[in-house]
Amino acid sequence: MRAGAEPWRDPDAVPYVRIEGVTKRFGGFVAVDDLSLEIHRGELFALLGGSGSGKTTLLRLLAGFEAPDRGRILIDGQDMTGVPPHARPVNMMFQSYALFPHMTVAKNVAFGLVQDGVPRAVRDERVAEVLDLVQMREFAARRPDQLSGGQKQRVALARSLVKRPKLLLLDEPLGALDKRLRERTQFELMAIQDRLGITFVMVTHDQEEAMTMADRLAIMNRGRVAQIGTPAEVYEYPNDRFCAEFVGDVNLFEAQVTEAGADRTRLACEAAGCAIEVEQGAPAPVGAWCWVAVRPEKMAIAKVPPPDDGAPVNRAAGIVRDVRYTGDLYVYRVELDAGATVRVTAPNLTRRTDMPVAWDDRVWITWSPLGGAVLTR
Amino acid sequence: MSAPAPAPSAPRASSAGRRLALAIPYVWLLLFFLLPFLIVLKISLSEGTLGAPPYLPLLGRDADGAWRLTLSFAGWSHLLDDDLYRDALIGSLRIAAVSTVLCLLLGYPMAYGIARARGTRRTILLMLVVLPFWTSFLIRVYAWTGILRTNGVLNALLLWLGLIDRPLAILNTDVAVYIGIVYSYLPFMILPLYAALERLDDTLLEAAADLGCRPWQAFLRVTLPLSLPGVIAGSMLVFIPAVGEFVIPELLGGPDTLMIGKVLWTEFAANNDWPLAAALAAALLVVLVLPILLFQHVRRREEGA
């Protein structure tokens with residue numbers, strides 16, 4: 001989706017895919033629980049969740065492999081209730097790729113076109129075109145068992161794109177690839193999606209993947225949507241502790257509201273040993289217990305104490321218990337005097353091989369009122 | 001070099017062991033297939049005689065003590081002269097081919113059903129397929145005479161149901177032979193088919209549906225081609241023994257049922273013409289080995305592609 005195009009903010013925009021109150025049970029287990037969701041044309045939408053969160057079931061409901069027990073799904077205005085998978089304007093890229101082992105790459109890709117009775121000349125042209133797109137043309141005559149994981153992934157993508165579906169479903173599309181290949185493929189996939197303008201719905205358990213690729217993402221938990229938004233919205237404004245912890249790392253402090261302003265909340269936190277100020281309207285009255293979420297990169301670490309300006313706010317002292325050096329970052333685990341253990345990251349700004357902050361150093365942690373978020377759940 | 005060279009004995013011993021393990025099937029084939037076949041071939045080229053054994057040695061000494069090789073092609077030429085043998089061979093191939101097709105038509109849905117079944121259901125169904133092997137083959141075939149004869153169980157049932165008003169003559173006809181062969185060899189069709197279908201990944205069928213296949217189209221384009229090795233293996237396991245089948249046509253077939261196994265038995269036991277019978281057996285082997293070689297050839301070419 002082009003930068004700046006955000007149809008989900010437009011109240012008049014007609015969503016391309018509507019999921020309306022869908023429930024799916026397997027025996028006593030509720031896989032998808034009264035879930036509603038709207039996806040817009042051309043969006044790259046990610047369903048992010050752990051195993052058993054219902055994300056794959058939702059994808060299979062969209063593909064038509066499962067029928068909802070309640071609710072309905074509309075794609076481009078068409079009610080999909082009772083429409084079998086073969087008749088849906090939807091294609092899926094399977095997690096296992098599901099390439100037909102008895103067919104060459106070209107025949108695999110042509111499979112859907114043959115089924116639709118597309119004339120041979122047109123078929124060959126479209127197969128060549130889509131194989132070019134995924135840079136697999138030279139492998140057209142190979143069989144799936146002669147391909148590497150990354151090559152199979154490309155063929156599977158080509159096969160699901162060749163019919164030009166209204167909606168492309170991707171089930172953990174990059175799950176089987178190693179880290180480096182996965183990163184490269186992420187950008188290729190985004191470029192292809194941008195070029196073709198097809199709406200993508202992607203299932204992933206990898207929050208980094210969802211953050212990097214998606215226009216919007218839905219965090220799923222126990223068959224429901226825990227939060228929906230752009231990657232930045234979800235990362236910076238988590239709805240609750242589950243979302244805060246699921247996407248990225250976070251330090252959570254249990255704290256009691258002491259001042260509830262319209263755009264500023266002050267809380268008392270015993271575990272941090274200081275008052276916490278957050279630039280955010282109070283979500284709960286004075287005296288209520290909340291949680292404050294502060295991401296590790298929003299905290300600063302220093303060996304010298306910050307200038308003392310009265311009662312400590314957003315400031316705690318502690319001892320470094322662990323340092324992890326990843327090259328680009330230092331990751332510190334700091335045990336605060338008040339008892340809590342926090343995780344702080346610092347970018348590695350200059351070339352040096354000694355540690356700016358080392359094990360057992362006495363350090364001071366500070367963060368801005370803009371760095372934290374108050375959560376009631 | 002100061003480091004001691006690695007002891008070569010260990011890998012050599014294991015490679016010798018491997019060679020021995022690989023040699024066992026070849027030794028087995030040599031002892032129990034090639035050697036008997038050569039004996040049969042030798043008998044087919046010997047001169048018949050009255051006595052025990054009813055043929056003369058190929059290599060013998062003359063009255064004056066000189067070694068002499070006596071070859072006789074009487075058995076082989078008799079085979080070509082008399083239409084009986086050609087007809088019996090064609091009859092056998094026809095009956096075996098029809099039985100194989102019937103087994104495939106019956107066995108495929110059964111194997112498919114078993115492969116789709118889950119857990120204990122599948123185990124029970126598989127057990128039921130193998131269950132008949134717990135009784136002697138001969139007894140099972142013999143039992144069919146009781147079912148199929150004019151006053152047998154089947155006719156009694158059909159009469160009682162009012163489907164027929166006169167008993168059907170099934171026993172001692174080709175129909176009875178078909179029933180007997182299909183009944184006896186069905187497990188040999190089902191088991192390889194089951195093995196091929198059981199390995200089939202369900203997501204392949206979902207992928208086919210996703211790409212526009214109705215269930216029957218997915219079956220034709222994915223399931224069937226992927227189960228083809230099972231179809232071929234099962235068909236060979238039924239067809240090859242069915243061609244040489246002797247017991248079933250003997251017990252269930254009639255005087256018109258012309259099958260090579262029966263003819264072979266008659267030549268050996270009743271006519272005591274061992275050279276002819278041996279020639280017949282050798283000819284049958286050639287007819288049966290050809291399709292196997294063809295199958296192997298096709299498979300190797302497919303794997304190479």
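For the pair the stretch A:210-249 / the stretch B:22-36, the C-alpha centres are spaced 68 Å from each other.
The label-point distance for residue A:107 and residue B:143, in a model that sets each label 7 Å from Cα toward Cβ, rounds to 4.4 nm.
Assuming 0.36 nm per residue, please report the length gained on full extension of the stretch residue B:32 to residue B:94 beyond their Cα-Cα distance.
Details: separation 62, 0.36 × 62 = 22.32 nm, distance 2.87 nm.
Additional length available on full extension: 19.5 nm.
Applying 1/(1 + (r/R0)^6) with R0 = 41 Å to the Cβ-Cβ distance of residue A:355 and residue A:376 gives a FRET efficiency near 0.60.
Over the C-alpha trace of the stretch A:249-368, radius of gyration and Dmax come out as 15.1, 49 angstrom. The smallest convex shape that holds all Cα atoms of the protein assembly as shown, its convex hull, gives 317 Å³ per residue. Expressed to the nearest 5 percent, the antiparallel share of DSSP beta bridges inside chain A is 75 percent.
Centroid-to-centroid, using Cα positions, the stretch A:1-44 and the stretch A:311-377 are 39 Å apart.
Mean residue ellipticity, 222 nm, helices only, chain A: the sum of -39500 (n - 2.57) across DSSP H runs of n ≥ 4, divided by residue count and rounded to 500, is -6500 deg cm²/dmol.
Taking the Cα centre of chain A as origin, sum charge times position over the Cβ atoms of Lys and Arg (+1) and Asp and Glu (-1), and report the length of that vector in debye to the nearest 20.
On the way: 47 positive and 50 negative charges, 307 e Å.
The calculation lands at about 1480 debye.
Apply the a/c threshold of 1.5 to the C-alpha gyration tensor of the stretch A:184-281 and tell me whether it is rounded, prolate or oblate. Prolate.
Beta bridges assigned by DSSP with both partners in the stretch A:249-368 are antiparallel in approximately 95 percent of cases.
For residue B:59 and residue B:22, what does the FRET efficiency come to when R0 = 35 Å and r is the distance between their Cβ atoms, rounded to the nearest 0.05? Show your work: numbers first, answer last.
Working: r = 35 Å, r/R0 = 0.99.
Step by step, r from the Cβ atoms, then E = 0.50.
With contributions of -39500 (n - 2.57) from each DSSP H run of at least four residues, the per-residue ellipticity at 222 nm computed over chain B stands at -22000 deg cm²/dmol.
With both labels modelled 7 Å from their Cα along Cα-to-Cβ, the residue A:187 to residue B:41 distance reads 6.9 nm.
Going down the list A:107/A:166; A:24/A:179; A:24/A:107; A:55/A:166, which pairs span over 25 Å between their C-alpha atoms? Each step should come with its number before you reach the end.
Working: A:107/A:166 22 Å; A:24/A:179 34 Å; A:24/A:107 35 Å; A:55/A:166 20 Å.
Correct reply: A:24/A:179; A:24/A:107.
All other residues with a Cβ under 12 Å from the Cβ of residue B:275 taken together, and with Lys, Arg as +1 and Asp, Glu as -1, what is their net charge?
Values: positive: B:42; negative: B:47, B:267, B:273.
Taking every Cβ under 12 Å from that of residue B:275, the sum is -2.
Shown here is the pair-distance distribution of the stretch A:18-68: with all Cα-Cα distances grouped in 5 Å bins from zero up to the longest one, the shares run 5, 18, 31, 29, 12, 3, 1, 0 percent.
Just counting partner chain Cβ atoms within 10 Å, what average do the residues of peptide B:287-299 show around their Cβ? Can you show the working numbers first?
On the way: counts 0, 0, 0, 0, 0, 0, 0, 0, 0, 0, 0, 0, 0.
Mean partner shielding for this stretch: 0.
For the protein assembly as shown, the residue among B:154, A:17, A:144 whose Cα projects farthest onto the positive side of the dipole built from Cβ charges is B:154.
From the alpha carbon centroid of the stretch B:242-305 to that of the stretch A:252-285 is 92 Å. Across peptide B:215-227, the mean count of Cβ atoms from other chains lying within 10 Å of each residue's own Cβ comes to 2. For the stretch A:204-243, backbone nitrogen atoms closer than 16 Å to the point 7 Å from residue A:74 Cα along Cα-to-C-beta are found at no residue. Seen from residue B:94, the other residues with C-beta closer than 12 Å to its C-beta sum to a net charge of -2, counting Lys and Arg as +1 and Asp and Glu as -1. If I model chain A as equal point scatterers sitting on the Cα atoms and use the Debye formula, what is log10 I(q)/I(0) at q = 0.09, 0.15 Å⁻¹? At q = 0.09, 0.15 Å⁻¹ the computed log10 ratios are -0.65, -1.25. Selection among A:109, A:68, A:174 by position relative to the dipole of the stretch A:7-244 gives A:109 as farthest towards the positive end (Cβ unit charges, Cα centre).
Taken residue by residue and averaged, Cβ atoms of other chains lying within 10 Å of the Cβ of A:154-162 number 1.
Shape of chain B from its Cα gyration tensor (a ≥ b ≥ c, root eigenvalues): rounded if a/c is under 1.5, otherwise prolate when a/b > b/c, or oblate?
Numbers: a/c = 2.26, a/b = 1.09, b/c = 2.08.
Note, shape of chain B comes out oblate.
Determine, from the Cβ-Cβ distance of residue B:300 and residue A:12 and an R0 of 51 Å, the FRET efficiency 1/(1 + (r/R0)^6), rounded to the nearest 0.05. Approximately 0.20, to the nearest 0.05. When peptides A:93-99, B:108-114, B:140-146 are sorted by average Cβ neighbour count within 10 Å, with the highest value leading, the order is A:93-99, B:108-114, B:140-146.
For the protein assembly as shown, give the share of DSSP beta bridges that are antiparallel, in percent and rounded to the nearest 5; count only bridges with both residues there. Expressed as a percentage, antiparallel bridges in the protein assembly as shown total about 75.
Charged side chains reduced to their Cβ positions (Lys and Arg at +1, Asp and Glu at -1) give chain B a dipole of some 1140 debye around its Cα centre.
Go through A:156-166, B:78-88, A:361-371 and give me the packing order, highest mean Cβ count within 10 Å leading. Write out the running numbers ahead of the final one.
Values: A:156-166: 23.0, B:78-88: 15.3, A:361-371: 17.5.
Averaged packing, sorted descending, gives the order A:156-166, A:361-371, B:78-88.
To the nearest 20 Debye, how big is the dipole of the stretch A:249-368 about its Cα centre, given +1 on the beta carbon of each Lys and Arg and -1 on that of each Asp and Glu?
Working: 13 positive and 17 negative charges, 70 e Å.
For the stretch A:249-368, the charge dipole is close to 340 debye.
Phi angles of the stretch B:76-90 translate, via the Karplus equation with coefficients 6.51, -1.76, 1.60 and θ = phi - 60°, into HN-Hα couplings of 5, 5, 4, 4, 7, 5, 8, 5, 3, 6, 4, 5, 5, 5, 4 Hz per residue; Gly and Pro are given as x. Packing order of peptides B:278-291, A:200-213, highest average first: A:200-213, B:278-291 (average count of other Cβ atoms within 10 Å over each peptide's residues).
Quick one: net charge of residue A:279's neighbours, Cβ under 9 Å, K/R +1, D/E -1? The answer is -1.
Ranking A:307, B:176, B:73 by Cα position along the charge dipole of the protein assembly as shown, where only Lys, Arg, Asp and Glu carry charges on their C-beta atoms, puts B:73 farthest toward the positive end.
Readers should treat all values here as calculations from the given coordinates under stated rules, not as data from a laboratory. Predicted model, so just to flag it, every value in this text is computed and none were measured. Please note: Cβ atoms are built from the backbone with ideal geometry, for glycine as well, and neighbour counts cover all protein chains shown.
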